[in-house]
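So the structure is just underneath, and the comments pick up after that.
The values are calculated or read from the model by the stated rules, or taken from the named source; none is laboratory data. Everything quoted here is computed from the prediction, not taken from an experiment. With ideal geometry, Cβ positions are generated from the backbone for all residues, glycine too; neighbour counts draw on all protein chains shown. SASA here: full protein model, heavy atoms, side chains in, ligands and nucleic acids out. Shrake-Rupley method; radii C 1.70, N 1.55, O 1.52, S 1.80 Å.
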Amino acid sequence: MTGFLAGRPGGIRVDLLVIASLISDGARVLDVGCGDGALLEHLTRTKSVDGRGIELSQAGVNAGVARGLSVIQGDADTDLKDYPDGAFDYAVLSQTLQATRNPKRVLEQLVRIARNAIVTIPNFGHWRVRLSLALGGRMPMTDLLAEPWYATPNIHLCTIRDLTALCRESAIGIEQVRFLDSQGQTMSLRSLRFANLLSEQALFVLRRT
Amino acid sequence: MRVRNRATIGENVAISESAASPAPGGTSDSFGARLTFGPDRPLRLDSGAGLVGYTMAYQTYGRLNADRSNAILICHALTGDQYVTDANPYTGRRGWWDLVVGPGKVIDTDRYFVICVNVLGGCMGSTGPGEVNPATGRPWALTFPVITIADMVRAQAMVLDHLGIQQLFCVIGGSMGGMQVLQWASAYPERVFSAVPIATSVRHSAQNIAFHEVGRQAIMGDRDWRDGNYLDHDVRPRAGLAVARMAAHITYLSEAALRRKFGRKLQNRERITYGFDADFQVESYLRHQGSIFVERFDANSYLYITRAMDYFDLAAEHDEVLSRAFRRTPVRYCVISFTSDWLFPTRDSREIVHALNAEAANVSFVEIESDKGHDAFLLKEPEFHKTLGGFLGGAAERRGLKKP
């Protein structure tokens, strides 16, 4: 073993770095749908956070625990309710909201258990997605939405404007929105309508109001 | 008196002798290290009784570091003992967790100081119903007070006090050992840095109590049990204890494991005999398990220890709100279960995890794919060993323990 926090070759995804940049040192972090624990590992190494993960796939959980991370097997739809109010400084839901059964409920739980919820989504309003359906007549497949319609776990896709509207309806405050390209690089776009057309993913920082 | 021990305790750490006055007597014989606590240090039991003048037998492996921060307490299961890696003096067989514990292994004795204490009520050197009651000069038998998991843990804490270990780096155990782990974390959160309850539960289920009752009735129904006083008559309820073990052994396996190992294969014969010999391999196997068990285990100990498991209910002690057992717990947990374990199924482990989440505790939870049933935690399970090693490594870095 080369140390449980040994760096991974190639580093971590750019969008995860954007998330990490928003998190303060030593914070209590819950990463919901943490996959193999790349973000948690990065945060533990660089920011000494007290990090926990929830992951649906048992293989992902076992890999994370074997790397010395605190990860449990669980489901964003059913297991967030266990946590007490304000248990974490940050709850992270990265590219996972669209795969939950009840996204509204999940968002409400996230802002209940954490002071800040950092949520990233693939933007279904991106022009390529719109064109693919409008002109091609086929269900869109992109870098971020790589599976065909019959195999995708993404059952609740939305656009940036959709998520903005849902937050407004649910009394969830939007502290910050960042628009990202497919590589996770921040795009400077001034209008929401433009961003909804041009950015392939978006990062929201949400709070209970 | 200084405890003589097979394993070495770090030379700059003298065992505290001021912990007890008079100091507990330490001896070393075929049972390894033993500590006797005098009349001034009675053990108060959950039943209300007190145990005066009792002995705890234990083994240690590896070295305690200078700041005494690398101690791991391993809690053994119902029929386990303190011989984790070295040969059991009764059977000569290798230690029950030799696969996992030792130099360079998952629980690396080059890095950690490992302690395992024979449980109170046991029959491998710690005070139990098979030992002589100093007050009467006769075996305790059924005059021994009924003990609980919490009593076992209290007695272990006395041993740790004696060894001068204020905080354990980790407490680990499977099955009944896991119950002790949960009790440790609940009762002494400040004394436990991390905890690994494996294949266990916060309470014994009705089905598990039922199986234990079958075992106890088999023992008590044996003519040679003599109302528990078999030692006075120089006999032992061998048949009853063997049946108890056979019934229990089935619960430690899984249907799939039995099918894979034995199926309906016949034992050294071409066809069934139309009789009640052990025609099937599985029968022969169980009879063998029963017969070797009675050579190393005391029947009354089996009654007492199964009862302790039956009585365990951590939620009931906290007004049926399990999370209260872990209120603001600072302990790092790793909860582990096995897919084919039907004695302590994964849902029991999930219940622990839910309660810990309700306290926003630092918890990992892995379910290991295995067809070996409850006993999987004792067997070669690479995925289990990998995750356990990863958890310990992560916790050790946070505890500041150096690598060997």
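So that you can scan it fast, the table gives a plain yes or no per residue for (1) assigned to a loop (DSSP other than H, G, I, E, B); (2) more than 9 Å from chain A (Cβ to nearest Cβ); (3) open to solvent by less than 10 Å² (accessible area, probe 1.4 Å); (4) free of Cβ contacts under 8 Å to residues at least 24 places away in the same chain:
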| position | (1), (2), (3), (4) |
| --- | --- |
| B:Glu351 | no, yes, no, no |
| B:Val363 | no, no, yes, no |
| B:His374 | no, yes, yes, no |
| B:Phe377 | no, yes, yes, no |
| B:Glu383 | no, no, no, yes |
| B:Thr387 | no, no, yes, no |
| B:Gly393 | no, no, yes, yes |
| B:Arg398 | no, no, no, no |
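Let me spell it out: the conditions are (1) open to solvent by 50 Å² or more (accessible area, probe 1.4 Å); (2) free of Cβ contacts under 8 Å to residues at least 24 places away in the same chain, and B:Asp232 meets all of them except one. Which number is the exception?
(2)
Among what's in the range A:71-83 and is touching a residue at least 24 places away in the same chain (Cβ under 8 Å) and within 16 Å of A:Arg28 (Cβ to Cβ), pick the residue that is farthest from the other protein chains (Cβ to nearest Cβ).
Pass one, the range A:71-83, residues touching a residue at least 24 places away in the same chain (Cβ under 8 Å): A:71, A:76-77, A:79-81, A:83.
Narrowing the set further to residues that are within 16 Å of A:Arg28 (Cβ to Cβ) leaves A:71, A:80, A:83.
Values: A:Val71: 6, A:Leu80: 9, A:Tyr83: 6 Å.
That would be A:Leu80.
Filter the range A:32-58 down to the residues that are assigned to a strand (DSSP E or B) and either surrounded by fewer than 23 Cβ atoms within 10 Å (Cβ to Cβ) or out of contact with any helix residue (DSSP H, G or I) (no Cβ under 9 Å at 6 or more places or on another chain) (or both) and list them by number.
If the condition is that a residue be assigned to a strand (DSSP E or B) and either surrounded by fewer than 23 Cβ atoms within 10 Å (Cβ to Cβ) or out of contact with any helix residue (DSSP H, G or I) (no Cβ under 9 Å at 6 or more places or on another chain) (or both), then A:Asp50 is the only one that fits.
For the range B:323-349, which positions are charged (D, E, K, R) and more than 10 Å from chain A (Cβ to nearest Cβ)? Break it down stepwise before answering.
Taking the range B:323-349 as the starting set, the residues that turn out to be charged (D, E, K, R) are B:324, B:327-328, B:332, B:341, B:347-348.
B:Arg324, B:Arg327, B:Arg328, B:Asp341, B:Arg347, B:Asp348 - these are the residues of the range B:323-349 that are charged (D, E, K, R) and more than 10 Å from chain A (Cβ to nearest Cβ).
Restricting attention to the range A:76-92, does a residue exist that is among the β-branched types (Val, Ile, Thr) and buried (at least 17 other Cβ atoms within 10 Å of the Cβ)? Spell out how you get there, then give the answer.
Going residue by residue through the range A:76-92, those that are among the β-branched types (Val, Ile, Thr) are A:78, A:92.
Next, from what is left, pick out any that are buried (at least 17 other Cβ atoms within 10 Å of the Cβ): A:92.
Yes - at least one qualifying residue is present in the range A:76-92.
Would you call A:Leu131 part of a loop (DSSP other than H, G, I, E, B), farther than 23 Å from A:Ile23 by Cα and open to solvent by 50 Å² or more (accessible area, probe 1.4 Å)? Explain how you work it out, then say what you get.
Details: part of a loop (DSSP other than H, G, I, E, B): no; farther than 23 Å from A:Ile23 by Cα: yes; open to solvent by 50 Å² or more (accessible area, probe 1.4 Å): yes.
Criteria not met by A:Leu131.
Looking at (1) surrounded by 12 or more Cβ atoms within 10 Å (Cβ to Cβ); (2) more than 19 Å from A:Ile12 (Cβ to Cβ), find the lone condition where A:Leu203 falls short.
Going through the list (1) surrounded by 12 or more Cβ atoms within 10 Å (Cβ to Cβ); (2) more than 19 Å from A:Ile12 (Cβ to Cβ), A:Leu203 breaks only (2).
Could you please find all residues in the range A:51-70 being within 19 Å of B:Ala360 (Cα to Cα) and within 7 Å of another protein chain (Cβ to nearest Cβ)? Explain how you work it out, then say what you get.
Looking only at the range A:51-70, we keep the residues that are within 19 Å of B:Ala360 (Cα to Cα), and these are A:51-56, A:61, A:64-65, A:68-70.
Answer for the range A:51-70, where residues must be within 19 Å of B:Ala360 (Cα to Cα) and within 7 Å of another protein chain (Cβ to nearest Cβ): A:Arg52, A:Val61, A:Val65, A:Gly68, A:Leu69, A:Ser70.
Considering each of B:Thr91, B:Thr79, B:Thr109 in turn, give the residue that is open to solvent by 40 Å² or more (accessible area, probe 1.4 Å) and assigned by TED's automatic domain parsing to the domain that holds B:Ser47. Walk me through how you get there before you give the answer.
On the way: B:Thr79 fails: open to solvent by 40 Å² or more (accessible area, probe 1.4 Å); B:Thr109 fails: open to solvent by 40 Å² or more (accessible area, probe 1.4 Å).
Of the residues listed, the single one that is open to solvent by 40 Å² or more (accessible area, probe 1.4 Å) and assigned by TED's automatic domain parsing to the domain that holds B:Ser47 is B:Thr91.
Among the listed residues B:Phe344, B:Phe338, B:Phe297, identify the single one that is outside the structural domain of B:His385 (by TED's automatic domain parsing), within 21 Å of the chain's Cα centre (by Cα), crowded, with 20+ Cβ neighbours inside 10 Å and of a type in the set (A, V, I, L, M, F, W, C). Explain how you work it out, then say what you get.
Numbers: B:Phe344 fails: outside the structural domain of B:His385 (by TED's automatic domain parsing); B:Phe338 fails: outside the structural domain of B:His385 (by TED's automatic domain parsing).
When all the criteria are applied, what remains is B:Phe297.
Looking at B:Pro42, B:Pro103, which one is assigned by TED's automatic domain parsing to the domain that holds B:Val181, over 25 Å from B:Met309 (Cα atoms) and surrounded by fewer than 16 Cβ atoms within 10 Å (Cβ to Cβ)?
Working: B:Pro42 fails: over 25 Å from B:Met309 (Cα atoms).
Sole residue among the options that is assigned by TED's automatic domain parsing to the domain that holds B:Val181, over 25 Å from B:Met309 (Cα atoms) and surrounded by fewer than 16 Cβ atoms within 10 Å (Cβ to Cβ): B:Pro103.
Suppose we filter B:Asp161, B:Asp98 for residues that are open to solvent by 30 Å² or more (accessible area, probe 1.4 Å) and under 16 Å from the mean Cα position of the chain (by Cα); which single one remains?
Details: B:Asp161 fails: under 16 Å from the mean Cα position of the chain (by Cα).
Being open to solvent by 30 Å² or more (accessible area, probe 1.4 Å) and under 16 Å from the mean Cα position of the chain (by Cα) holds for just one of B:Asp161, B:Asp98, which is B:Asp98.
Within the range B:77-85, can one find any residue that is in a loop (DSSP other than H, G, I, E, B) and of a type in the set (Phe, Trp, Tyr)? Quick ask: steps written out before the conclusion?
At the first step, the residues of the range B:77-85 found to be in a loop (DSSP other than H, G, I, E, B) are B:77-85.
Among the residues that remain, those that are also of a type in the set (Phe, Trp, Tyr) are: B:83.
Yes.
Can you find a residue that is open to solvent by 30 Å² or more (accessible area, probe 1.4 Å), within 14 Å of another protein chain (Cβ to nearest Cβ) and either outside any helix (DSSP H, G or I) or of a type in the set (Ser, Thr, Tyr) (or both) anywhere in the range A:116-124?
In the first step, residues of the range A:116-124 are kept if they are open to solvent by 30 Å² or more (accessible area, probe 1.4 Å); the result is A:124.
Within this subset, residues satisfying the condition of being within 14 Å of another protein chain (Cβ to nearest Cβ) are none.
Within the range A:116-124, none of the residues are open to solvent by 30 Å² or more (accessible area, probe 1.4 Å), within 14 Å of another protein chain (Cβ to nearest Cβ) and either outside any helix (DSSP H, G or I) or of a type in the set (Ser, Thr, Tyr) (or both).
The conditions are (1) assigned by TED's automatic domain parsing to the domain that holds B:Leu388; (2) part of a helix (DSSP H, G or I); (3) surrounded by 18 or more Cβ atoms within 10 Å (Cβ to Cβ), and B:Arg324 fails exactly one of them. Which is it?
(3)
Please determine whether any residue of the range A:102-111 is part of a loop (DSSP other than H, G, I, E, B), open to solvent by 50 Å² or more (accessible area, probe 1.4 Å) and of a type in the set (Asp, Glu). Give the derivation first.
Quick first cut of the range A:102-111, residues part of a loop (DSSP other than H, G, I, E, B) only: A:102.
Next cut, open to solvent by 50 Å² or more (accessible area, probe 1.4 Å) only: A:102.
Next cut, of a type in the set (Asp, Glu) only: none.
No, the range A:102-111 has no match at all.
Applying the selection to the range A:138-177, what residues are open to solvent by 70 Å² or more (accessible area, probe 1.4 Å) and closer than 20 Å to A:Leu192 by Cα?
A:Arg161, A:Asp162, A:Arg168, A:Glu169, A:Glu175
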